[in-house]
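Structure record follows, encoded as structure tokens.
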Amino acid sequence: MKALIVFHSKTGHTSQAAENIATGLRESGVDVDLRRPPEAIRLDLDDYEIVIIGTPTYGHRRYKKPAAPISEFLESLKPDDLTGKTTGAFTAYAGYGGERLVAALEGTLLQFGGKVLAPGPAVKAGAPLSLYVGPNASDADVKKCEEFGRKIAEAARKS
């Protein structure tokens, strides 16, 4: 079984969450590809049973839209690209709005036919309004991401 995690990260917090989810997937015997949007757009999604999307949460996107590179990836999808795939979403946020963004992404994944494992993790990390690598995710959030990886692997096996 193969999983694709498509993510965008400026400061490394979303990247770390992606790595933590990948750890949970790998512990469950899943092969994992971690890709950023420009490269992910060119991939054949038929090669994957699991597709997970990750983005930072930005207030100027009204806490409902992913970062522009992730929006571009989603816009590149055809209407049935995720049909039959187990999907999920996650975000890293510094202030607030993480859960709202994850829910919005999950709705988008449903529109493309994905079987969504919800809710995906919203990881609190970093400092509000900064672009530097600030405080990392808590141990609880790291465990939450790893557990999400294990749960989505289990859900994919059952479908």
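Bear in mind that the values in this text are calculations on the coordinates, not laboratory data. This one's a predicted model, so the numbers in the text were calculated from it and none came from an experiment. Note: ideal-geometry Cβ built from the backbone for every residue, glycine included; neighbour counts use all protein chains shown.
Applying both filters, DSSP loop and at most 11 other Cβ atoms within 10 Å, to the trypsin sites (Lys or Arg not before Pro) of segment 38-89 gives Arg42, Arg62. Per the Debye formula on identical point scatterers at the alpha carbon atoms of the chain, with no solvent, log10 I(q)/I(0) at q = 0.13, 0.15, 0.16, 0.17 Å⁻¹ is -0.51, -0.69, -0.79, -0.90. In a simple Cβ point-charge model (Lys, Arg +1; Asp, Glu -1; nothing else charged), the chain has a dipole of about 480 debye relative to its Cα centre.
Among the listed pairs Lys10/Lys115; Lys65/Lys144; Lys2/Lys78; Lys2/Lys124, give every one whose C-alpha distance is greater than 26 Å. Result: Lys10/Lys115; Lys2/Lys124 exceed 26 Å. Taking θ as phi - 60° and the Karplus parameters 6.51, -1.76 and 1.60, the scalar couplings of segment 149-154 work out to x, 5, 5, 6, 5, 4 Hz in sequence order, x denoting glycine and proline. Computed on segment 51-125, the Cα convex hull volume stands at 68 Å³ per residue.
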